[in-house]
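Enquirer: Mind looking over this structure? Questions follow.
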Amino acid sequence: MTEFTIASFNVKNLIGPDQEYYKFQSYTPEEYAWKSDWMADQLLTLDADIVGFQEIFEEAPLREIIAETDRRGQEANAASLPDRSKRYHRKAIFRKLAYTPYTEAELAFAPNINDSETPGKRRPGLAILSRYGFAEPVEIIQDLPQPLDIPMACLGGEEDAGYYTLRRLSRPIMKARIPVAGQIVSVFNCHLKSKLGEFITPQGAPYPPETVLTAYDAGGRALGALRAALRRMAEAWVLRRMVLDELEQNRPVMVLGDFNDGENAVSSEIISGETPFRNYSWMLRHDARHTGDRYSAEEDRHIRETIDRFRLRSAEKQFLRKSLRDVVYTTAFGGVHESIDQIYMSRHFDPDWAGHIGEMEYFSVFNDHLTDGSHPEAPYNKLASDHGQIMAHMRLKSAG
């Protein structure tokens, strides 16, 4: 058996000092030093084998923080781990205390193709750090090879009701094939469209009218929320299609990142797939000709197996069920604590499935710092993150 950990870390706007990433937003050298110090401490605490990062504007600062994490980790090892001359140096507690440097790890960075060199109009990308390296080049999807046309139908009729078309994702999706203990796990890292409204600037206007809060436009603001939700759900479907490509080949899958959508929300359901009903035998068949024309017991088993094959499990939900906890919060948005950062996994990691290759032992949440602009400690939030870090502790069977 091999144990490994996999984490999701939304760092909130990692960029070097004195660079205006959003309008009038930048870090002074002192603020950047504070932020990078905080990140190095968090990364050291995580000590995760695989980390998916969100909101990375530049690769260089992240590499510097990883190097600083290693320096601190090696100092901690020297101070707390007994050398081989001590009889007790093999005790399990010291294996738990030991930090493993990332010196042999690989880092893949996915810049955002919507990024601009114009100050105040930057756009963040993603990164994946892996102590196991990558089995093949990391795949990055943002511009779609073919536009995604989502046809709509008029209720009660067959006439065409138009399309919603998506040609580019707001942020990239990363797919990494990572070798662990003789297995190769397909890991996806994502950051779906935010919940902030998407407004259109009229030609010749300096800004969208819906952003003028002193002339509040409730209908326009609602339409902006609709645009954001449509984009987020379409991006979730693009990710889902990539996941299905892996599951159709019976490849173990893990999906992590900032879904910008709660566990019971639509985008999460699109990514994870639907949960099968307990019994389809009571349902009318799709081609029913009379009231008793329902699915058979054999068809019920076939339907549930097919749905389960393509369904992802939430690490958070498995943790809540195992630990009898009620809820996990990973972000503060508008003064409300939510759970929008997720780690999902295929049934290859579900011990209830006979063909499982591993399972999750524990789920860690590092969210004691969560604040946003509605909280009095908001300045701290700028330098840390408005997201908690989450980590799944996995146990994997050795292949063969």
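Enquirer: Checking Q318 against (1) open to solvent by less than 30 Å² (accessible area, probe 1.4 Å); (2) over 21 Å from I357 (Cβ atoms), which test does it fail?
Expert: Status for Q318: all satisfied but (2).
Enquirer: For region 286-309, does any single residue satisfy the condition of being under 16 Å from G262 (Cβ atoms) and touching a residue at least 60 places away in the same chain (Cβ under 8 Å)?
Expert: Scanning region 286-309, I find no residue that is under 16 Å from G262 (Cβ atoms) and touching a residue at least 60 places away in the same chain (Cβ under 8 Å), so the answer is no.
Enquirer: Taking the stated definitions as given, is R395 more than 27 Å from Q25 (Cβ to Cβ), at pLDDT 80 or above, open to solvent by 60 Å² or more (accessible area, probe 1.4 Å) and touching a Ser or Thr at 6+ places or on another chain (Cβ under 7 Å)?
Expert: Criteria not met by R395.
Enquirer: Which residues, taken from region 1-56, are under 17 Å from I128 (Cβ atoms) and hydroxyl-bearing (S, T, Y)?
Expert: Answer for region 1-56, where residues must be under 17 Å from I128 (Cβ atoms) and hydroxyl-bearing (S, T, Y): T5, S8.
Enquirer: Looking at R311, R321, R325, can you tell me which residue is of a type in the set (K, R), more than 29 Å from N13 (Cα to Cα), in a loop (DSSP other than H, G, I, E, B) and modelled with pLDDT under 85?
Expert: Criteria check complete, one pass: R325.
Enquirer: Among the residues of region 296-305, is there at least one that is part of a helix (DSSP H, G or I), open to solvent by less than 30 Å² (accessible area, probe 1.4 Å) and either of a type outside the set (D, E) or in contact with a Pro (Cβ under 8 Å, 6 or more places away or on another chain) (or both)?
Expert: Within region 296-305 (the criterion being part of a helix (DSSP H, G or I), open to solvent by less than 30 Å² (accessible area, probe 1.4 Å) and either of a type outside the set (D, E) or in contact with a Pro (Cβ under 8 Å, 6 or more places away or on another chain) (or both)), the answer is no, since none of the residues qualifies.
Enquirer: Just checking: which of the strands (runs of 3 or more DSSP E) contained wholly in region 121-229 hold 2 or more residues that are open to solvent by 60 Å² or more (accessible area, probe 1.4 Å) and free of Cβ contacts under 8 Å to residues at least 40 places away in the same chain?
Expert: The qualifying strands (runs of 3 or more DSSP E) are 139-153, 160-180.
Enquirer: Would you check which residues across region 241-259 are assigned to a helix (DSSP H, G or I) and either buried (at least 22 other Cβ atoms within 10 Å of the Cβ) or modelled with pLDDT under 95 (or both) and list them?
Expert: Matches in region 241-259: V243 only.
Enquirer: I'd like to know if region 105-123 contains one or more residues that are at positive phi, in contact with a strand residue (DSSP E or B) (Cβ under 8 Å, 6 or more places away or on another chain) and modelled with pLDDT under 95.
Expert: yes
Enquirer: Suppose we filter region 95-120 for residues that are among the aliphatic types (A, V, I, L, M) and assigned to a strand (DSSP E or B); how many remain?
Expert: 3
For every residue, the table says whether it meets (1) of a type in the set (K, R); (2) in contact (Cβ under 8 Å) with a residue 24 or more places away in the chain; (3) open to solvent by less than 10 Å² (accessible area, probe 1.4 Å).
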{"site": "S339", "(1), (2), (3)": "no, yes, no"}
{"site": "Q342", "(1), (2), (3)": "no, yes, yes"}
{"site": "R347", "(1), (2), (3)": "yes, yes, no"}
{"site": "Y362", "(1), (2), (3)": "no, yes, no"}
{"site": "F366", "(1), (2), (3)": "no, yes, no"}
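Enquirer: Mind listing whichever residues of region 1-51 are among the aromatic types (F, W, Y) and either closer than 30 Å to G182 by Cβ or open to solvent by less than 10 Å² (accessible area, probe 1.4 Å) (or both)?
Expert: Within region 1-51, F4, F9, Y21, Y27 meet the criteria.
Enquirer: Looking at (1) more than 28 Å from S194 (Cβ to Cβ); (2) at pLDDT 95 or above; (3) in contact with a strand residue (DSSP E or B) (Cβ under 8 Å, 6 or more places away or on another chain), find the lone condition where S346 falls short.
Expert: Among (1) more than 28 Å from S194 (Cβ to Cβ); (2) at pLDDT 95 or above; (3) in contact with a strand residue (DSSP E or B) (Cβ under 8 Å, 6 or more places away or on another chain), S346 violates only (1).
The values are calculated or read from the model by the stated rules, or taken from the named source; none is laboratory data. Treat the numbers as computed from the prediction; the structure is a model and nothing was measured. Positions of Cβ are backbone-derived with ideal geometry, glycine not excepted, and every protein chain shown enters the neighbour counts. These area figures cover heavy atoms from the full protein model, side chains too; ligands, DNA and RNA do not enter into them. Shrake-Rupley method; radii C 1.70, N 1.55, O 1.52, S 1.80 Å.
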